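Presented below is the structure to which this report refers.
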There are 4 protein chains.
Amino acid sequence: MGYSIQEGKRENVMYSFTNDYSEGAHPLLLDALLKTNLEQTEGYGLDIYSAKASSQIKSLIKNATADIHYLVGGTQTNATFMAAALRPYQAVISVDTGHINVHEAGAVEAMGHKVITCPHKDGKITIERIREVIRVHIDEHMVQPKMVYISQTTELGTAYTTNEIKQLYTYCQENDLYLFIDGARLGSALVMEGYPSLEQIARCCDAFYIGGTKMGALIGECLVIINDTLKPDFRYHMKQRGAMLAKGRVIGIQFLTLFTNNLYFEIGKHQNLMADTLRYGIAQLGYTFYVETNTNQVFPILPNHIITKLQEAFSFIVMDSIDSDNSYIRLVTSWATKREYIDKFIYILKKSGKDTSS
Amino acid sequence: MGYSIQEGKRENVMYSFTNDYSEGAHPLLLDALLKTNLEQTEGYGLDIYSAKASSQIKSLIKNATADIHYLVGGTQTNATFMAAALRPYQAVISVDTGHINVHEAGAVEAMGHKVITCPHKDGKITIERIREVIRVHIDEHMVQPKMVYISQTTELGTAYTTNEIKQLYTYCQENDLYLFIDGARLGSALVMEGYPSLEQIARCCDAFYIGGTKMGALIGECLVIINDTLKPDFRYHMKQRGAMLAKGRVIGIQFLTLFTNNLYFEIGKHQNLMADTLRYGIAQLGYTFYVETNTNQVFPILPNHIITKLQEAFSFIVMDSIDSDNSYIRLVTSWATKREYIDKFIYILKKSGKDTSS
Amino acid sequence: MGYSIQEGKRENVMYSFTNDYSEGAHPLLLDALLKTNLEQTEGYGLDIYSAKASSQIKSLIKNATADIHYLVGGTQTNATFMAAALRPYQAVISVDTGHINVHEAGAVEAMGHKVITCPHKDGKITIERIREVIRVHIDEHMVQPKMVYISQTTELGTAYTTNEIKQLYTYCQENDLYLFIDGARLGSALVMEGYPSLEQIARCCDAFYIGGTKMGALIGECLVIINDTLKPDFRYHMKQRGAMLAKGRVIGIQFLTLFTNNLYFEIGKHQNLMADTLRYGIAQLGYTFYVETNTNQVFPILPNHIITKLQEAFSFIVMDSIDSDNSYIRLVTSWATKREYIDKFIYILKKSGKDTSS
Amino acid sequence: MGYSIQEGKRENVMYSFTNDYSEGAHPLLLDALLKTNLEQTEGYGLDIYSAKASSQIKSLIKNATADIHYLVGGTQTNATFMAAALRPYQAVISVDTGHINVHEAGAVEAMGHKVITCPHKDGKITIERIREVIRVHIDEHMVQPKMVYISQTTELGTAYTTNEIKQLYTYCQENDLYLFIDGARLGSALVMEGYPSLEQIARCCDAFYIGGTKMGALIGECLVIINDTLKPDFRYHMKQRGAMLAKGRVIGIQFLTLFTNNLYFEIGKHQNLMADTLRYGIAQLGYTFYVETNTNQVFPILPNHIITKLQEAFSFIVMDSIDSDNSYIRLVTSWATKREYIDKFIYILKKSGKDTSS
């Protein structure tokens, strides 16, 4: 057993824009875990750090009676919450591009619930689409639509404005539907003008979660339940679904740090700034985008041969082809994204384009 | 937001023998997370560290074709594995004291499977009890018993000897039953003479998991699938059940560290030694035990008034009353247990006894 | 295709005491199906006959607001009702001999719910056993007991007295538990002195079902929901679980007939009388019973060689061995049981005994 | 309790074209139930009549090793089969108009499986649409498509030709997909030139069910499993899902009768003939159809004021509006449909049209 962990090296010389969870945790979070490591605390999320983090968040959203729970990951949070909120015959409405519909391996259905899909508009749901779903679900031969699921920011990197969220929530309330917001990448939207703040989010939905994993945490998502009817016995649901950590403090400490000295918002600003730099550089070179975004996801349309060139130095997801010569790719920035690699990306993009035109 | 995480203090002046997950992680594990923190890796357990940890473990068990997966917690690991291994009408046999039967909030049933219980013998299952279950489950009006679940070490702190495990596995093979071993506290048994080594465990079951959370990790359990028929598509099950971490490396790095330089075994030895010291001290004072154990859980029977006295300085679980004057308690040691607190515990126990007798 | 159904013959020359569903339907029920066969009605239980049957039953139980639904079979009724009444983490308490625990292939667990078992007393549950279950289920690491399931009559042929049911229900109400009564063989208990009438049953539980299949119907069970909180949207549950018949009238017409001119009670009396005749004849010959019953199930203990003799002319279930020479069997009577076969059974039993003693 | 069932009258003076389950059973089926009523048989589908029906069907499909099971209704049959055939992470592909997607209250999802939908072409699925589903489901973050579900005839009254079914099955086999055929209204397609016979159906899928309820039975669907890998332990699934009747013979006897003297096919012919008569009459009056059909469902587009007129004498489903003045309706014929009511319908339609044009 001569193996030593120190031998661990960057497994890949390429720089990755593949996602916002390629690195570990923001250093301040690791630091907080280190400082508190030898203290003894209660298990299963009943520790003092989780309590402090919850107080901090309740104060930020100006809601003293919200219920706050810390779960491990996004798929788990969505599925556990829906299992708790919905009766067996009730369904959740989502755009077809929604994370629960595409990328959670059927976790919601595994809980027994149908995901009713409707076409998206730039990744967002519209009231018209929800209304059509309600119109055709009329009796007990069909599932009963009971929840609207949206992501802020969306899977296509767009975000709901404050007005859009307000209107959606009003519609949901009028139609006896829960509004649930998947905030895996919430931080990116919280720091933009015209988009809902954490307090506004909390006023405009029945429950939402504040993403940790994609916002600099090692693990962890923070579920905030606003609607009183959804609160009872939620810890039973968590335990049953394997969503309750013995060392729950690991998440509590990280969220406490994220909401100390505005770190969560600073991370949001950084990743948006890095994405803006990418967007500006790409647009300057005359390329367009599959969808216009202002958050930490960028979807440029590029010639296939240039994509091949870029892949020599960078890893990223090639989403789909646009036509026989062009495809669109996804670039994601994070708390850890370094400006120098963006400059390098733009440089190679520029150079590849020139090489081609000559 | 003047709050600072540095204000975080020991929430409790009492020393806790409540469980083996009161502290954070073994310092070497945190150190490894720190050293690798800024590296970019593949997500969802496909990183180089998880791969190295798996190689290490496969080498230890001398089984190059085992499938190894890293899940977050014990309840999740048990439930996800059973959902993958069992068809809807199949059931798992467990002693009534089994973790899946008592302390997982019905997670196995939430996956649709019955837990058939039988009485335990010092926390262990016997072949006679399994045989009786098989005898009475005869047709499609009943569930079909298909798996035997045991814990090593058991919920009562006992452990199966090498012979017992071998006989159990032989019986299971002869009767078309899977044998699954919950190793949440496996480390404690691995280091004892006459008890199965990691390699022997791997030879005597269809699947088992190597506990991380209760053995010094922040989070994480390592599932080892031996039986080829149980291997296909397991990652689909993990994803669907919310058991696949985006930053999967967090668990991989910790298990790589645990299985570097024998750390996992050293932790097992330490916690057993601390428990032995407790056992010896308590026995010396003339007290007996609810069940005889040689692992990191100790169950002394003590007079209620002495328990009250001990609770002024220590936290631990009072299990149940034995008679009107006496109860039995549970003391658990861990990688972090300090000798000085054991001495203090014995000192108070001795002093309380004298006070009483006078 | 020269085959003709008229060739269908008694598949077996032996007379069967195996169960109470060996024949088709009581002739009056078939007659009612025939008379109404060509009428057009609404589907899915919304027909006029189902409505009339429900009115009749509501009038009998003197409860105008009960919700009444017609389901196809017992396992389906139990599982569908429990899926509707329980939240995912809630469990049902049953004696170990309970039908849901033994003979429904894990249908309740397939709905996600644990069946917590406790030892029975002559097939019945006791308040002491329920109290012990409540005592040990204390937090979210365990399932939450929320329902008590009993069968009237029980799987061992006994029945709860009026007092026993009243006390059970009072205990359940005080402890926030639903009481659900599986009435697959309810008719047998309804006609006995000292045992609850249909009206008393309806006053002493949250829901119950009136068995049809074992009481002379081709198919069908009638679920009566008393507790208002369990009523909403139950038809959604039925449809989702495949428990809603397109030709729902098939069950409605049969229950209307069963509750016209006291037919249901007459059937109960007949099957009890037949069973009494068996019991008397067997006891007269000096044999004892595994459990004392007064309903349509009889469990005599007989020498194995006599059982073999009886099996030449009768089919019945040999339950289990009592010792190396004796076993206990189950004899079940029904609406169709004929006196002559009982006489024949006693005759052979008497003759076999003599042959032996000589 | 002076109520007498004989008072039961046609609840409705209108004639119903609403569906094909408005009446009871075909008289020959009731007759067979009556003739066998007092015989004692084995329970749970193990009776001699079910066995004979299965022999008959195996002979018809020229497949001696098919497994045949009798379930109660269509939703139950679909959901039970899918629960048996699919692993938890596997999904079924259906057109958006598929019965499992719209009209089964989420029964498939309640079993834990996603229904992946694709747009239909006249109610039918196309290989191109399936291919696109396969193309985008690439890894364990998504469900795994494993089954294609089609209905013969479809929910829009169309039917797959022999060639279409053959091509579909070939594609499914090449892509490791099961093909399952919901034959709730199979009889209508079996008797048409150019459409697959029962034997051809059985050669071109992994499993299918022969509808009973909508083809003249009181209750019951006959599931035929062709693919050997889907056969083991299916009775466990049936029992667990409440799909196994105690008096299983009730279904067996009906299917034996349906497949004696070609009754099933005669019923198919009758309902098609009645529908053809409707189609011809409606077309003669110059009206068009929402979708062209040749089976027992007819979807004419009619002016709203004429629909109102027709509703005075007939009940049927108004599907949806076509424009502000016109809607399309559904007319369904069955074994019981009488020519005189079709003539009356056409007469009123003709008269209403004239009244309007004047």
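The values are calculated or read from the model by the stated rules, or taken from the named source; none is laboratory data. This is a predicted model, so every value here is computed, not measured. Heads up, the Cβs are rebuilt from the backbone with ideal geometry, glycines too, and the neighbour counts pull from every protein chain shown. Ligands, DNA and RNA are excluded from the accessible area calculation, which covers all protein heavy atoms including side chains. Shrake-Rupley method; radii C 1.70, N 1.55, O 1.52, S 1.80 Å.
Key figures for this structure:
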item	result
Matching residues, the stretch A:276-312, being within 19 Å of A:K344 (Cα to Cα), touching a residue at least 60 places away in the same chain (Cβ under 8 Å) and among the hydrophobic types (A, V, I, L, M, F, W, C)	A:L278, A:I282, A:L285, A:V298, A:F299
Output for the stretch B:258-269, where each listed residue is under 16 Å from the mean Cα position of the chain (by Cα), away from chain A (no Cβ under 12 Å) and more than 15 Å from B:A32 (Cβ to Cβ)	B:G268, B:K269
Criterion: modelled with pLDDT of 95 or more, in contact with a Phe, Trp or Tyr (Cβ under 6 Å, 6 or more places away or on another chain), open to solvent by 30 Å² or more (accessible area, probe 1.4 Å) and of a type in the set (A, V, I, L, M, F, W, C) - qualifying residue of A:F299, A:F289	A:F289
Filter result (open to solvent by 10 Å² or more (accessible area, probe 1.4 Å) and not in a helix (DSSP H, G or I)) within the stretch C:249-284	C:T260, C:N261, C:N262
Residue in the stretch D:119-137 that is buried (at least 20 other Cβ atoms within 10 Å of the Cβ), at pLDDT 95 or above and closer than 21 Å to A:H99 by Cβ present	no
Any chance A:T288 is under 18 Å from the mean Cα position of the chain (by Cα) and hydroxyl-bearing (S, T, Y)	no
Among (1) over 12 Å from the mean Cα position of the chain (by Cα); (2) free of Cβ contacts under 8 Å to residues at least 40 places away in the same chain; (3) under 19 Å from C:K269 (Cβ atoms) - the single one C:A217 does not satisfy	(2)
Positions within the stretch C:302-317 being open to solvent by 50 Å² or more (accessible area, probe 1.4 Å) and hydroxyl-bearing (S, T, Y), in sequence order	C:T308
Residues (among the hydrophobic types (A, V, I, L, M, F, W, C) and under 20 Å from the mean Cα position of the chain (by Cα)) located in the stretch B:54-82	B:I57, B:L60, B:I61, B:I68, B:L71, B:V72, B:A79, B:F81, B:M82
Condition met for C:D320 (more than 23 Å from C:A189 (Cα to Cα) and open to solvent by 80 Å² or more (accessible area, probe 1.4 Å))	no
Test: C:I251 is β-branched (V, I, T), more than 7 Å from every other protein chain (Cβ to nearest Cβ), within 19 Å of the chain's Cα centre (by Cα) and closer than 14 Å to C:I219 by Cβ	yes
Breaking point among (1) surrounded by 21 or more Cβ atoms within 10 Å (Cβ to Cβ); (2) within 20 Å of the chain's Cα centre (by Cα); (3) not basic (K, R), for C:I116	(2)
Count of the stretch B:11-45 residues which are within 20 Å of A:A246 (Cα to Cα) and β-branched (V, I, T)	1
Failed criterion for A:V143 (all others in (1) more than 19 Å from A:N227 (Cβ to Cβ); (2) within 19 Å of the chain's Cα centre (by Cα) hold)	(2)
D:Y341, sole failed condition from (1) in contact (Cβ under 8 Å) with a residue 12 or more places away in the chain; (2) away from chain C (no Cβ under 14 Å)	(2)
Strands (runs of 3 or more DSSP E) contained entirely in the stretch B:169-226, each with at least 3 residues that are modelled with pLDDT of 95 or more and open to solvent by 10 Å² or more (accessible area, probe 1.4 Å)	none
Candidate set from the stretch D:15-51 (those that are of a type in the set (F, W, Y) and open to solvent by 20 Å² or more (accessible area, probe 1.4 Å)); member that is nearest to the other protein chains (Cβ to nearest Cβ)	D:Y21
For B:W335: the one exception among (1) closer than 23 Å to C:I138 by Cα; (2) surrounded by 15 or more Cβ atoms within 10 Å (Cβ to Cβ)	(1)
